Amino acid sequence: MDFLTLFAVYVLVVLTCIVLVCKYSGQQQTPFSVLYNSVVKTVAPFTPKWLQKFSQRTMHRLFHQRNNMFIYLHILLEGAVYAEFTYEVFGFCREMDTTLISLSVPYVLLTIKTFFFYLCIRRDPGTVTQKKVAGQLHIYPYDRRLFHPGVSCPTCQLVKPARSKHCRVCNRCVHRFDHHCVWVNNCIGAQNTRYFLLYLFSVCAMAGDIALLTIDMLLHAVLRSGLLRASYIDEYGQQQPAGPLFVVQHLFLTFPRIVFMLGFLIFVFFLLAGYALFHSFLALVNQTSNEWYKSRGYVCQHCHPTTAADNLCSPAPDHSKRYYYSRGLLRNLGEIFFPPKTVQKKDN
């Protein structure tokens with residue numbers, strides 16, 4: 001039972017982290033920040049100055065500057081999963097007469113996911129520039145609650161269109177700003193939200209399909225081995241029927257890498273499926289993550305509360321105007337997949 005205990009602890013820790021991230025996301029004071037600050041204060045007197053500066057620079061570069069580290073991590077994890085699936089699960093499935101069409105689906109989904117992943121990385125999210133700002137100002141009206149007319153970005157020195165926000169990671173204002181995604185090293189805005197949604201759903205489909213093929217393979221392995229009808233001698237010398245826990249432990253010992261991969265895929269599927277559903281809801285009501293947090297009075301971690309021009313912090317939520325930009329389900333979805341074009345003024 002040691003393997004089951006360790007895996008249960010692993011799952012409990014992961015689920016706890018997910019719950020905490022979902023609960024405190026967008027808030028300035030979180031258990032993570034409090035714990036991190038406490039650890040830093042405790043170990044700082046015993047840590048060399050050069051190591052403190054190195055860790056600070058590293059953390060700043062990872063989370064406050066554009067970098068490709070999480071893209072490489074994404075590719076590494078994906079490569080490890082597909083290597084294990086191809087090396088072991090694929091062969092077992094072929095022995096069980098699984099059709100090649102079924103086994104080819106994960107690779108087709110990988111191609112689709114890679115295409116949308118590339119578009120999320122490379123496509124401009126809708127940067128507010130001197131050339132485009134005049135047209136972007138006329139796309140959305142100001143709701144005068146979260147977005148007010150006449151407010152300029154102190155960094156870009158441009159008037160901020162409604163639904164725009166300055167991203168301090170990319171150092172630019174983005175039209176219909178949703179959030180900055182470290183996994184694609186790019187902002188998600190007006191021009192690439194559709195690619196981000198399709199990317200999320202393709203990753204979920206990919207993880208779910210590989211997980212289902214792996215579960216089918218393990219079930220066939222259990223049925224062929226006759227474990228469900230077997231028995232074992234426990235530590236007291238008593239004969240016990242092989243129940244579900246015994247079968248799971250046997251699978252851990254027989255297929256450790258496959259079972260660990262399956263656990264990782266299930267975790268990724270449920271995490272990203274929840275995230276994809278959240279963004280689908282936002283798309284249906286025509287709201288961004290930035291607007292969702294601000295409408296609930298949450299404070300952005302990187303804002304300057306003393307600078308009124310930033311307009312990043314909002315007053316108490318006004319639920320009567322929560323979905324100010326919603327124009328109906330079909331129009332809201334149309335706006336995601338066919339973003340409004342900037343209004344170009346003709347010179348007389």
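With a 1.4 Å probe and all protein chains kept in place, how much accessible area does THR111 have, in Å² rounded to the nearest 10?
Counting only protein heavy atoms, THR111 exposes about 100 Å² to solvent.
For the pairs LYS113/LYS165; LYS53/LYS113; LYS41/LYS113, flag any whose C-alpha to C-alpha distance is greater than 32 Å.
In this structure, LYS53/LYS113; LYS41/LYS113 exceed 32 Å between Cα atoms.
What FRET efficiency comes out for GLN249 versus PHE281 if R0 is 41 angstrom and r is the Cβ-Cβ distance? Round to the nearest 0.05.
0.55
Counting only heavy atoms of protein chains, what accessible area per residue, in Å², does the stretch 52-116 have with a probe of 1.4 Å?
Result: 65 Å² per residue.
When only DSSP loop residues count, what trypsin sites (Lys or Arg not before Pro) in the stretch 91-198 have their Cβ near at most 10 other Cβ atoms within 10 Å?
Sparse-neighbourhood loop trypsin sites (Lys or Arg not before Pro): LYS131.
Return the lysines within reach of LYS341: Cα separation strictly under 16 angstrom, same-chain partners fewer than 8 residues apart disregarded; answer none if there are no such residues.
LYS131, LYS132
Which far-off residues, 5 or more places away or on another chain, put their amide H under 5 Å from the one on GLY126, with H placed in the peptide plane?
Amide H to amide H, under 5 Å and 5 or more residues apart or across chains, GLY126 pairs with GLN191.
Tell me, what ³J(HN,Hα) does each residue in the stretch 137-142 have, in order and in whole Hz, if you take phi through Karplus 6.51 cos²θ - 1.76 cosθ + 1.60 with θ = phi - 60° and put x for Gly and Pro?
With coefficients 6.51, -1.76 and 1.60, one gets 5, 9, 6, 10, x, 7 Hz.
Relative to the Cα centre, what is the charge dipole magnitude of the stretch 49-174, using +1 at the beta carbon of each Lys and Arg, -1 at the beta carbon of each Asp and Glu, and rounding to the nearest 20 debye?
On the way: 18 positive and 7 negative charges, 273 e Å.
So the magnitude is around 1320 debye.
Scan around CYS167 for amide H atoms under 5 Å from its own, H built in the peptide plane at 1.01 Å from N, and keep only partners 5 or more places away or cross-chain.
Counting only residues 5 or more places away or on other chains, the set is ARG172, CYS173, VAL174.
Considering only protein heavy atoms and a probe of 1.4 Å, how much of the accessible area of the stretch 92-163 is carbon and sulfur, as a whole percent?
Ligands and nucleic acids excluded, carbon and sulfur give 61 percent.
Enter the Cα centre distance for the pair the stretch 269-296 and the stretch 176-203, rounded to the nearest angstrom.
First find each Cα centre; the distance between them is then 12 Å.
The values are calculated or read from the model by the stated rules, or taken from the named source; none is laboratory data. Just so we're clear, the structure is a prediction, and the values are computed from it rather than from any experiment. Using ideal geometry, Cβ is built from the backbone for each residue, glycine included, and neighbour counts are taken over all protein chains shown. Surface areas here come from the heavy atoms of the whole protein model, side chains and all, with no ligands, DNA or RNA. Shrake-Rupley method; radii C 1.70, N 1.55, O 1.52, S 1.80 Å.
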